[in-house]
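See below for the structure under consideration.
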Amino acid sequence: MEKSFKCLSKTNIRVTPQRLAVYKVLSEGKHFTADFVYKKIKKGFPSISFATVYTILQLFKDKNLVSESRIDFERSTFEIKKDPHHHFMCRECSTIIDIDIPLCDTLKNMKVAGLTIENFQGYFYGLCKECKKKLKDA
């Protein structure tokens, strides 16, 4: 909890129990929807609303604490901010996996055609290992 407090404080975010709870949930894993975070926090904060959780997630995004992914076009997912990386989503089970692909020169330099790239995410779709095996065995 102390690590969460420090992360919020150093980005000039006023620390509240609700904000700490959101950050703690995000620290426990990757690619959580706002709805998942809300349901997880609701147990400890029965009066919290979904709108409040979503507002906290947007604040964290604005302060570069978390990143938002829209690999699943029906819903956003959030994760603690780290170096730009790519995502893979399984078309069968909808699992989202971080994938490490070597960067091309354009992405290493963060410039292309006179433009400055500030952030990037590549999205890849297909079958995860488990679903591929299940379909093969079926």
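Table for the structure above
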read-out: Considering residues of the range 114-138 that are in contact with a Ser or Thr (Cβ under 9 Å, 6 or more places away or on another chain) and exposed (fewer than 13 other Cβ atoms within 10 Å of the Cβ) only, the residue nearest to Gly29 (Cα to Cα); value: Glu130
read-out: Residue list for the range 47-69, restricted to those being within 23 Å of His86 (Cβ to Cβ), part of a helix (DSSP H, G or I) and touching a residue at least 40 places away in the same chain (Cβ under 8 Å); value: Phe60
read-out: Looking only at the range 74-105, and only at residues there that are basic (Lys, Arg) and within 12 Å of the chain's Cα centre (by Cα), the one that is surrounded by the fewest Cβ atoms within 10 Å (Cβ to Cβ); value: Lys82
read-out: Criterion (at pLDDT below 85 and either surrounded by 17 or more Cβ atoms within 10 Å (Cβ to Cβ) or more than 27 Å from Lys134 (Cα to Cα) (or both)) met by exactly one of Phe50, Phe5; value: Phe5
read-out: Lys108, sole failed condition from (1) surrounded by 15 or more Cβ atoms within 10 Å (Cβ to Cβ); (2) part of a helix (DSSP H, G or I); (3) modelled with pLDDT under 90; value: (1)
read-out: Hits in the range 89-98 - residues which are farther than 9 Å from Leu127 by Cα and touching a Cys at 6+ places or on another chain (Cβ under 9 Å); value: Thr95, Ile96, Ile97
read-out: Enumeration of residues in the range 15-33 that are farther than 15 Å from Ile80 by Cβ and in contact with a helix residue (DSSP H, G or I) (Cβ under 8 Å, 6 or more places away or on another chain); value: Val15, Gln18
read-out: Of all residues making up the range 4-46, the number that are among the polar types (S, T, N, Q), assigned to a helix (DSSP H, G or I) and touching a residue at least 12 places away in the same chain (Cβ under 8 Å); value: 3
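The values are calculated or read from the model by the stated rules, or taken from the named source; none is laboratory data. Predicted model only: the values in this text are computed from it and were never measured. Quick reminder, even Gly has a Cβ in these numbers, built from the backbone with ideal geometry, and neighbours come from all protein chains shown.
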